[in-house]
């Protein structure tokens, strides 16, 4: 009998499944799986692209999107339905002028909408590149959900210089506070004059010092946020996150990229005689995300990619989550670091960086610092100055020459919260959700990559709540074409994640509890704070429900504690240690034979047979047991020259009569073992009396190719 083609392919599969590394997701879902079974929705617009600007509006239940030549209003419940569009192209004369300047008329000379902000209760503020003529306009959106209004107010169009970049390939960061727009952007056609700029509002426009590398040195702006400092609004600060070429790099060592956090006072109006219409409170510090080395040489993730501010009960002290990559050509990796506002403020209150000595080394400034201390806001909280124009000249001059702080901002725990190295992707975006679970609150990270995937990571405590362990729960292929994720927005209210790329906008639920499995142990091992076992299925956890009917253990993920008979009554006595339990009464009941899938498989003596078993969890370690008869003992199947373990199961190269029996595939994860599949293997004789064809040949062919057999019957 000829060997089935499937078995020839199976011989090429890699060797046995190895224990999964920590960076392996527990669940990996492809684009077709997400579309078919897990609620992935997409929105695409013909003859458009580049869905980079996303604005979430919970009150109106809308997702506003900026794209090429278009503004979009999509339903938060289903982005594929009830969409509204505004066509906003660049004028023909601007496009022609752009083309005459040597730009590609089809790729560059369009209006790419880069900036979207909520302006007031009825309008948005939008800015685009305008074919290298930055332009801004107000968009009327109505006040309520039922107001079906979405139109551009062309009469109130404004010059977008200092708000939107000229070049669609350049990034810009901005925040609208009140009626004032704070932007980090290139303000010239060639993309060389980078500035932190305040525009709009009643106060004068203010910017950073022009063409001074001590202030900004080839920056790439990432994000900007307004954070109140105290109860007094005069103390409010604006924080800019960017990366730039380091000015403190020693000469002769080449360029080095560093990540920065910059601060300015919101009430800064510039100096009176010096730094007129320039920031007088601008300071910047290095943002460090590194793995400490045992030899003192740290591994730095120096390319800041995205920042997310997770609000806490104290609006003055949000947590700062930042995604990084590395510029190294030798080491490739990405990381997420977490910073507290206390550590950020401490760096800005530390010593200033200063160049001195024969070799112009950077050292902490030790001389007298003028009063009021540069970087402090003029307010009654810290002094008697009512305006930055009242600052003494020595304060202004010191601020001009010492914008850099000497001490860096270090991450919480002195190391990354989550990192990946040697993987074929780079982190691009991050969004964080704080989730209430049965045993506490957890921060769930959604990390976008440059290959169109989203990683779902939960930060869980190890021995205590001070030491955190990152758990990679899911890897989701959100965009089929693997286009980089350019924007992420998260709705805790609707439990939805929204992602934008160059080709589409995607919507995806924050949780897929049913995908973890149909057993209590599988739900518990997932350690997903969104999910819990309700007695019959793995479903969405709701904190308000009764605890006895909802089983969840994110911190330990121990099925021995949660999924055993009477586990709630015995409590910690039922906890397994090192994967075993001394109290047999506490051991979780192994799923009954009726609940474990069982299949019948036939193999031909002397031929090959493949016993397929793929557990849901990629972190599970698979082991096989064999039992020849009902009364025979079970023994573990050991690989040899005839028995090959593969990633998808067990391959018997040459089936023998004594191979017949019951095979059980078991998965072990976190010391907990459970049966996944039972396979009954029957062995058929290869010989037939009188040289006739074996009686079972037609039977096997019917199993493998039923359509061929049906054809012969016709």
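Tabulated results
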item: Where only alpha carbons of the stretch 428-511 are counted, the Rg and the Dmax (Å); result: 13.6, 44
item: Peptides 485-493, 87-95, 520-528 ordered by average Cβ neighbours within 10 Å, highest first; result: 520-528, 485-493, 87-95
item: Peptide ranges 230-237, 153-160, 508-515, 111-118 listed from the most packed, as the mean C-beta count within 10 angstrom indicates; result: 111-118, 508-515, 230-237, 153-160
item: Between the stretch 271-310 and the stretch 76-153, the Cα center-to-center distance that results, in Å; result: 32 Å
item: If the convex hull is drawn through the Cα atoms of the stretch 23-174, its volume per residue in Å³; result: 156 Å³
item: Label-to-label distance, nm, for residues given as residue 167 and residue 343 (7 Å Cα→Cβ offset); result: 3.4 nm
item: The stretch 408-475: C-alpha gyration tensor shape, a/c 1.5 cut-off, then a/b vs b/c; result: oblate
item: Pair-distance profile P(r), taking every C-alpha pair of the stretch 374-430, with 5 angstrom steps and integer %; result: 4, 13, 14, 12, 11, 9, 9, 11, 9, 5, 3, 0
item: Separation of the residue 469 and residue 274 label points, Cα + 7 Å toward Cβ, nm; result: 5.6 nm
item: Burial order of peptide ranges 622-630, 470-478 (average beta-carbon count within 10 Å, highest first); result: 470-478, 622-630
item: Dimensions (Å) - the stretch 187-273, Cα atoms, principal axes, largest first; result: 46, 29, 26
item: Helix-derived mean residue ellipticity, 222 nm - over the chain, DSSP H n ≥ 4, -39500 (n - 2.57), to 500; result: -2500 deg cm²/dmol
item: Part-to-part distance (alpha-carbon centres) for the stretch 415-433 and the stretch 323-396, which is given in Å; result: 27 Å
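FYI, it's all coordinate maths here, none of it is from the lab. Since this is a predicted model, take the numbers as computed values, not measurements. With ideal geometry, Cβ positions are generated from the backbone for all residues, glycine too; neighbour counts draw on all protein chains shown.
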